[in-house]
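Bear in mind these aren't lab numbers, they're just calculated from the coordinates by the rules spelled out. Computed from a prediction, not measured in an experiment: that's the story for all the values here. We place every Cβ from the backbone using ideal geometry, glycine too, and count neighbours over all the protein chains shown.
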Amino acid sequence: MQLMDNYQRRFQYLRLSITEQCNFQCQYCLPQGYQPNKDHQFLSLSEINNIVGTFTELGVHKIRLTGGEPTLRRDFTDILSIISSYPSIKELAITTNGSRLLKNISYWQQAGLNAVNISIDSFSPHLFKLITGQDKLKEIVQCVEKSLEVGIKKVKINTVLMKNMNDNLKDYLAWIKYRPVDLRFIELMETGKNNDVFNRYHLAGNLIETQLLAQGWQLQSKVALSGPAKVYSHSDYQGKIGLIMPYSKDFCKSCNRLRVSSLGKLHYCLFGDAAVDLRDLLVRADQKEQLKARIFASLMSKPEKHFLHDHKVGILPNLSYIGG
Ligand code: SAM
Ligand code: SF4
């Protein structure tokens, strides 16, 4: 069985948010820090197991855990073990701010983790602190080194581009010259609660792209089912540069991912006006067929593209709800 929408896009990649909680205060996401909501009960281990079991039967073979900060969950290693016990999961990834990584990466790797995206919005300690609220650049950079050292297969850095703040390409190029790391520039996206930050700092990724091309970087051809990132390489650099440009033309054409929030809601588009609640069907393992039917039906409502250009940002106040 295959997950495909009305526009012939196939979905073999699930982004699963496991918490909304976070210990950073990124300006574009949670500038006041995480505010707990007692009504929000995050997915249990058994619910996560039922989600993963069902999506693997629907052809999903890559899962990324995200949040909030996914590694803040006390049962994080158990979650990894449960997911990696499914033989059809070929890639088990996390997106993390790195704050819990140094001490734990070896255990996580043993539990099946094989790909890591670490968010680093600047290699200047001052700017890193200004953007994230945390004076931790040195430690987070060590997380990248450590992940490479222990042999994590894919190590990437996520950098949210902010105009006149962290947009000096030179700083990043020096860093990836001798490190086999993909650094991904993500265009700042508007969400329900970050309009001011968006208006002030949004920078189109193609300004970076133009500089890369002028310096001899070459666009890599897309492999089958690769997502919307445009990836550039250069023979003088071990690392690569990726660009995620949600405001660019045709961005949504290569959408290959579905998202389930830590409250068990299926978001078929990050900027959609609705999400489909799966929770009542996550209680027992024998509800799989009903769950599949609901997932299929909701996929039929997945729109062809988002309407971010019209500032229609959907239902999410910020990306800590669903993980970007
Ligand atoms: N806490 C983890 C982290 O920061 O890596 C995982 C969750 S975070 C929401 C996932 C990714 O989304 C991060 O790389 C973060 O920088 C990015 N992000 C958050 N808000 C964003 C926004 N408004 N526009 C673009 N990227 C955003
Ligand atoms: Fe936390 Fe990640 Fe949001 Fe930063 S981007 S506040 S680390 S959830």
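A few points about this structure:
- Test: Ile94 is in a helix (DSSP H, G or I) and surrounded by 18 or more Cβ atoms within 10 Å (Cβ to Cβ): no
- Of all residues making up the stretch 245-292, the number that are closer than 28 Å to Tyr232 by Cα and of a type in the set (A, V, I, L, M, F, W, C): 8
- Residue list for the stretch 90-134, filter: in contact with a Gly (Cβ under 8 Å, 6 or more places away or on another chain), among the hydrophobic types (A, V, I, L, M, F, W, C) and over 28 Å from Leu169 (Cα atoms): Leu92
- Residue match in the stretch 273-293 (condition: over 24 Å from Glu47 (Cα atoms), under 16 Å from the mean Cα position of the chain (by Cα) and in contact (Cβ under 8 Å) with a residue 40 or more places away in the chain): no
- Per-region count, the stretch 300-324, residues within 16 Å of ligand 2 (Cβ to nearest atom) and of a type outside the set (A, V, I, L, M, F, W, C): 6
- Residue check for Gln21: within 16 Å of ligand 2 (Cβ to nearest atom), buried (at least 17 other Cβ atoms within 10 Å of the Cβ) and not acidic (Asp, Glu): yes
- Every listed requirement among (1) under 20 Å from the mean Cα position of the chain (by Cα); (2) assigned to a loop (DSSP other than H, G, I, E, B) is met by Tyr86 save one, (1).
- When residues of the stretch 42-68 are limited to those that are assigned to a loop (DSSP other than H, G, I, E, B), farther than 26 Å from Gln134 by Cα and out of contact with any helix residue (DSSP H, G or I) (no Cβ under 9 Å at 6 or more places or on another chain), the one farthest from ligand 2 (Cβ to nearest atom): Gly59
Conditions (1) crowded, with 19+ Cβ neighbours inside 10 Å; (2) farther than 18 Å from Asn158 by Cβ; (3) touching a Phe, Trp or Tyr at 6+ places or on another chain (Cβ under 9 Å), marked per residue:
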position	(1), (2), (3)
Ser221	no, yes, no
Tyr232	yes, no, yes
Ser235	no, yes, no
Ile244	yes, no, yes
Asp250	no, yes, no
Val260	yes, yes, yes
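- Being among the aliphatic types (A, V, I, L, M) and without any contact (Cβ under 8 Å) to a residue 60 or more places away in the chain holds for only one residue in Leu30, Leu3, Leu45, Leu14, and it is Leu45.
- Evaluation of Asp171 against (1) loosely packed, with under 15 Cβ neighbours inside 10 Å; (2) within 16 Å of ligand 2 (Cβ to nearest atom) (one fails), failing number: (2)
- Of all the residues in the stretch 1-16, those that are part of a loop (DSSP other than H, G, I, E, B) and within 28 Å of Gly68 (Cβ to Cβ) number 5.
- Odd one out for Leu101, checked against (1) in contact with a Phe, Trp or Tyr (Cβ under 6 Å, 6 or more places away or on another chain); (2) within 15 Å of ligand 1 (Cβ to nearest atom); (3) not hydroxyl-bearing (Ser, Thr, Tyr): (1)
- Filter result for the condition that a residue is of a type in the set (A, V, I, L, M, F, W, C), within 16 Å of ligand 2 (Cβ to nearest atom) and either on the phi < 0 side of the Ramachandran plot or loosely packed, with under 14 Cβ neighbours inside 10 Å (or both), over Ile208, Ile131: Ile131
- Scan of the stretch 287-315 for residues that are under 25 Å from Tyr28 (Cα atoms), in a loop (DSSP other than H, G, I, E, B) and either more than 16 Å from ligand 1 (Cβ to nearest atom) or touching a strand residue (DSSP E or B) at 6+ places or on another chain (Cβ under 8 Å) (or both), ordered by number: Lys305, His306
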